[in-house]
Structure formats: C-alpha cells, structure tokens
1. In segment 45-101, how many residues are touching a helix residue (DSSP H, G or I) at 6+ places or on another chain (Cβ under 7 Å), in a strand (DSSP E or B) and farther than 16 Å from His35 by Cβ?
2. Looking only at strands (runs of 3 or more DSSP E) that lie completely in segment 179-274, which have at least 3 residues being surrounded by fewer than 17 Cβ atoms within 10 Å (Cβ to Cβ)?
3. What single numbered condition from (1) surrounded by fewer than 20 Cβ atoms within 10 Å (Cβ to Cβ); (2) within 25 Å of Gly130 (Cβ to Cβ) fails to hold for Gly78?
4. Of all residues in segment 275-311, how many are part of a strand (DSSP E or B), closer than 21 Å to Arg122 by Cβ and among the acidic types (Asp, Glu)?
5. Name the residues in segment 96-112 that are in contact (Cβ under 8 Å) with a residue 40 or more places away in the chain and within 10 Å of the ligand (Cβ to nearest atom), would you?
6. Give Val188, Val176, Val214 a once-over and let me know the one that is in contact with a Cys (Cβ under 9 Å, 6 or more places away or on another chain) and within 13 Å of the ligand (Cβ to nearest atom).
7. For segment 135-173, give me each residue that is in contact with a Pro (Cβ under 8 Å, 6 or more places away or on another chain) and within 12 Å of the ligand (Cβ to nearest atom).
Amino acid sequence: MDANDVIDALADEDTVSGGELAERFGVSRNAVWKHVETLREAGFVVESTSDGYTLEKVPEYGGLAVFHRLRGKTEYVGDEIEYHETVESTNDIAVERAREGVDEGYVVLADRQTGGRGRRERVWESPSGGIWTSVVLRPSFAPRDASLVTLAASVGVARAVEEEGVDATIKWPNDVLVGDKKLCGILVEMEADAESIAHAVVGIGLNANAAPDVPDASPTSLAEHVDAAEVDRGVLTANLLAELEDAYELGDAVLDEWRERSSTLGREVRVETPNEAVEGTAERIDDTGALVVSTDDGERVVTAGDCVHLR
Ligand code: BT5
C-alpha cells in the first residue's frame, strides 16, 4: 500500500475510515495514517472525523496531484510518479530508474530543472512554472522503429495542447510549435542492442506558464495563448501523459497523425545535420520518421538534424 492507494480510495468514496482502509490493504491503521500525512504534506486537504477520512482539496501540482488527475486515463503511464521541486534533469533520473528496472510508465516530474538538456548537449531552460517530465518506456518494437517513440511523444503533446483550446503543430522531428514559436521540446534517450530496446526515456519540456528568455530561439508559453491567467499544470500534465500513452499505443499508425499535425511538410526548409545543411522542400517523412527533402540535386533523406522553416 502507498499514498496512491489512499488517493484512489478517497477519490472513489466520500468518506472512508482508517480501519476500513487498514483492513482492505492488510496494513496497520498507523500505516494508513502515515500515507494520509504524506498526502497532507503534498498539499492535499484530508478531513478526519469520527466517520473517517474525506478528501476536500487536491493541490494544483506535484506527483500525487498529477496522479489524482490521471486516475482512469491511463493503463500504465503515471502509475508511479516521482516528483521533485528541483532537479538537474528529469531525464538523468529517469535513465537511472530505467537501468534500475522500474516498470514501463514510470514518470519523473519536476517543478524546476537546473541542468535541463536539449539534444546535442544544448541547454534547456527550465524555470518553475513549466512542465518538465520524463517517462520510462520499454518498447517491444525493433530498434529500427525507435523513432516511433519520438513521433508519438510530439503527437501526444500536440493533442494535449489542443485540449487547452490552442492549435499546435509539429516541426520535424519533434518540436511542438504554436504559430512559429517553440512551446515544447522533446528529448528521447534510448538504450538498445541490435535486436531490442531496453528502455526509452521520453523527456518532455513544455513552457506552460512562462516562456524563458532564450536569446538564440523564439520560445512561447501556453499561458500566452489561453484566456485564463494561468494554465493548470496538474490537469495539463495528466492530459499530456494520457495522450502520450495513447499515441505510443498506436505503433506505426502514429505516423499518419504526425503527418496531419506537421507544419514542416510542404514547407521550404533548411535542415542542419551534423555534417551539412540540406535545403529544399520538405516532401514527406518515411516510415522510419526520416525527412525526405527535395533539393536542386534530387531527393535527400535526413535522419537527424535541426530543421528551420524558411517560409
Ligand atoms: C529540445 O532540444 O528541444 C529537447 C528539450 C527537452 C527538454 C526536456 S525537459 C524534461 C527532460 N529533462 C531534460 O533535461 N530534458 C528533457 P533541442 O531541439 O536541442 O532544442 C534546444 C534549444 O531550444 C536550445 O538551444 C535553445 O535555443 C532552445 N530552448 C532552450 N530552452 C527553451 C525553452 N524552455 N523553450 C523553448 N526553447 C528553448
């Protein structure tokens, strides 16, 4: 039994006594009380009367708050959410947990990162107010289809943003944009051998309530595009995790939805790969997620790089 079980019980029933919970989970009343205290420390208001415990208020953010909002929306993503106020990088922690053997769907969430990472060791600004999270997945598909994880993540984020009433598009490979500004970046880190993927850590950074100052980029936050003064990060994170699981479950069918949501296809682009820059029209993505660019010298297939939308 843990605090998540108490959340489940209190969310389903108006009032539950400590004795009943103790019996249900085969633990002592004192153990139940300790879990209730954990909830209170996390900002839950739990009334205690002679009839038992009643959940009066759920805090806006935190691991348990997101767990509460996620109930019933997923099969396995978010069953366990490790929350920290401040971390260097949620991806670092999630990779460590994945190596330790946590189950698929384990989530690391932080209010703020001091060493957030982008691709190619770039800095990801992660002040308080954003959503900084990493999910451990254990894909059963072959390593050559690994990019499906990345594509699914961007589709999941775009859907969750849409549920806030904001149109988002995906810039190849997996930036989520509002207009032409970057709302969200995704960093997937995998460990695989020739036959199978041991784990994939999907790191998602979404500027919810504040767009940090990034001199070399033009970030935006979701708050800039909604009517309310603030985005409810608890609700948004829960929706995001639910949509991530759903998009991931699509397997290669996610390619079609990615194409529909893409603002890159059909555009003039410059893709900077580690070795060169490829300029032309973004024609399509192939079944491995690679971008096919039609250039003056014919078609080029780009598997990784930074894409700039030219016009
Ligand atoms: C990405 O890299 O877009 C992937 C970002 C992944 C961040 C998440 S947060 C949770 C998890 N834990 C981590 O440590 N990382 C993941 P890339 O495509 O390389 O873009 C990086 C570039 O985006 C930087 O060089 C800046 O120009 C710009 N940038 C930095 N912070 C930003 C922000 N908060 N919003 C928008 N753009 C930003």
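The values are calculated or read from the model by the stated rules, or taken from the named source; none is laboratory data. As the structure is a prediction and not an experimental result, all values here were calculated from the model. For neighbour counting, all protein chains shown are included, and Cβ atoms are generated from backbone atoms with ideal geometry for every residue, glycine included.
1. 2
2. Result: 181-192, 268-272.
3. The failed condition is (1).
4. 1
5. Leu109, the sole residue that qualifies.
6. Matching residue, one of Val188, Val176, Val214: Val176.
7. Result: Thr150, Ser154.
Every residue, every condition in (1) of a type outside the set (Gly, Ala, Ser); (2) touching a residue at least 60 places away in the same chain (Cβ under 8 Å), yes or no:
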site	(1), (2)
Val254	yes, yes
Ser263	no, yes
Glu268	yes, no
Asn275	yes, no
Gly280	no, no
Ile285	yes, yes
Thr288	yes, yes
Leu291	yes, yes
